[in-house]
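Scroll down for the structure; my scribbles are underneath it.
Only the coordinates and a few stated rules stand behind these numbers; no lab work does. Being a predicted model, the structure only gives us computed values, none of them experimental. Neighbour counts run over all protein chains shown; Cβ positions are idealised from the backbone, glycine included.
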Amino acid sequence: PPARREAVIAILQLFAARAAAEIERRETETALRTSEARFRSLSESSPIGVYQFDQHGNCVYVNKRWSEITGISYKDALHKGWRERLPADELERLQTAWTAFTSGQHEFSHKLRFDHPQHGSRWIQFHARRLAAFGNDPGGFVGTIDDITT
């Protein structure tokens, strides 16, 4: 009967729309995994230290080179753990510069003295940029460090 036919067509249209949405979701997830793998691969092979902070200033990622430069393990660097290794005067200067950056400056560049556990006092150059917020991701910051001790 025609009424039943229309109901079957409506069900098939709903099924097709749901299937298309599921295919798009899976393609998006694959693209995201590919992008994340590319970032990790580039970061881990980088000759400079790479870090990422969330929007609250908590460390969420450091690469191997970052750990080599600072002498701080990945685990110990997370959240605000890396701050415990800075001399108090340097932490204060860094926080002042970081506050100015997060209040509107587009780029961050800062030199500070850092006490490496094996190599002693070092000079580190920090750079950072704001990450754009997308969807539910609030963004944050990504940056690099390099040992500029001469």
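Simple spin-label estimate for residue 89 and residue 106 gives 3.4 nm between the two label positions (7 Å along the Cα-to-Cβ direction from each Cα). Each label point was placed 7 Å from the Cα along the Cα-to-Cβ direction; for residue 46 and residue 73 their separation is 2.3 nm. Let me know the Kirkwood hydrodynamic radius for segment 29-150, please, with Cα pairs as the basis and the value in Å to one decimal. So the Kirkwood estimate lands at 15.0 Å. A simple spin-label model places the labels of residue 121 and residue 18 6.8 nm from each other, with each point 7 Å out along Cα-to-Cβ. A dipole drawn for the chain from +1 and -1 charges on Cβ atoms has a positive end, and of 95, 120, 37 the residue lying farthest that way is 37. Bridgeable lysines around residue 64 (alpha carbons under 17 Å apart, same-chain partners fewer than 8 residues away excluded): 75. Measuring r between the beta carbons of residue 149 and residue 36 and using R0 = 25 Å, the FRET efficiency lands at 0.15. Taking a straight line from the alpha carbon of residue 111, these aspartates and glutamates sit under 16 Å away, with near neighbours fewer than eight places off in the same chain left out: 89, 90, 92, 146, 147.
Net charge dipole, the chain: roughly 340 debye, given to the nearest 20, about the Cα centre with Cβ charges of +1 for Lys and Arg and -1 for Asp and Glu.
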